[in-house]
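Asks: Take a look at this one; I'll ask things after.
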Amino acid sequence: VAAILGVDRSSDLAVVRVPDGAGLPPPLPVGSAKDLTELQKVYIFGFPFGSALGKNISVSESSVSSIRKDDEGIIEKIQVNGGMHPGNSGGPVVDSRGVVVGVSVSGMRGTTINFAVPGDFVNTILDGRIHQFSMTPPYLEGGQLKAPLRLACIDPLARVKEARGEMWVGPAG
């Protein structure tokens, strides 16, 4: 039975650990999506329609149709043209070298428009990161200003060794 090590709802990814001796092949290398280009061939692995097609993995050829970026220029989604079906979610999208460049996550019903989360997001989760932070309102205690800060990390491989917070105080405005 696999154990869930971390979940990042913002990228719709989870990290699971499969027990040793499960008879699985070694993991594929995870790379970046930054060098992808439109029309580049990619391959989608998964189990479309679950067990309805049996227990054999399916591989579909597809191509990158768009690289969707946010306002800061960070790749949010890789849009692919077909090859992804219900049941492929969570499966790798690989380039011609066998490097994972994305993870299948969604599609637009009734079209061949499908999306993958960039491999960069997978590496960010594996390397560990701050997932959420919050600060309670500052208060005075014993003549000292205190402002408790809470950090929630996604760190499935225990790679984060230290986290720090700084607060600057100055005149209003």
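The values are calculated or read from the model by the stated rules, or taken from the named source; none is laboratory data. Quick caveat, the model's predicted, so the values are computed rather than measured. Quick reminder, even Gly has a Cβ in these numbers, built from the backbone with ideal geometry, and neighbours come from all protein chains shown. Side chains are part of the model used for accessible areas, which takes the heavy atoms of the whole protein and leaves out ligands, DNA and RNA. Shrake-Rupley method; radii C 1.70, N 1.55, O 1.52, S 1.80 Å.
Asks: Note the direction-averaged projected area, equal to a quarter of the hull surface, for the Cα convex hull of the chain, in nm².
Replies: 14.9
Asks: For every other residue with a beta carbon closer than 15 angstrom to the beta carbon of Lys41, add +1 if it is Lys or Arg and -1 if Asp or Glu, then tell me the sum.
Replies: Every neighbour counted, the sum reads -3.
Asks: With no solvent and one equal point scatterer placed on each C-alpha of region 26-101, evaluate the Debye formula and give log10 I(q)/I(0) for q = 0.11, 0.12, 0.13 Å⁻¹, two decimals.
Replies: Ignoring solvent entirely, the Cα scatterers give -0.29, -0.35, -0.40.
Asks: Over region 95-173, what portion of Cα pair distances is larger than 21 Å, expressed as a whole percent?
Replies: 57
Asks: In whole angstrom, note down how far apart the Cα centers of region 39-74 and region 97-128 are.
Replies: Spelled out, the Cα-based centre of one part sits 7 Å from the other.
Asks: May I pose another question? Carbon-plus-sulfur fraction of the accessible area of the chain, 1.4 Å probe, in percent?
Replies: In the chain, the share of accessible area belonging to carbon and sulfur is 55 percent.
Asks: Got the relative contact order for the chain handy, in percent, Cα pairs under 8 Å and 6 or more residues apart?
Replies: It rounds to 19 percent for the chain.
Asks: Put +1 on the Cβ of every Lys and Arg and -1 on every Asp and Glu Cβ in region 1-111; which of Val103, Pro29, Val59 then has its Cα farthest towards the positive end of the dipole?
Replies: Going by the Cα projections, it comes out as Val59.
Asks: What value, in deg cm²/dmol to 500, does the helix sum -39500 (n - 2.57) over DSSP H runs of n ≥ 4 give at 222 nm once divided by the residues of the chain?
Replies: It comes out at -1500 deg cm²/dmol, rounded to the nearest 500.
Asks: List the lysines whose alpha-carbon lies under 17 Å from that of Lys34, not counting same-chain residues fewer than 8 positions away?
Replies: Result set, ordered by chain and number: Lys69, Lys77.
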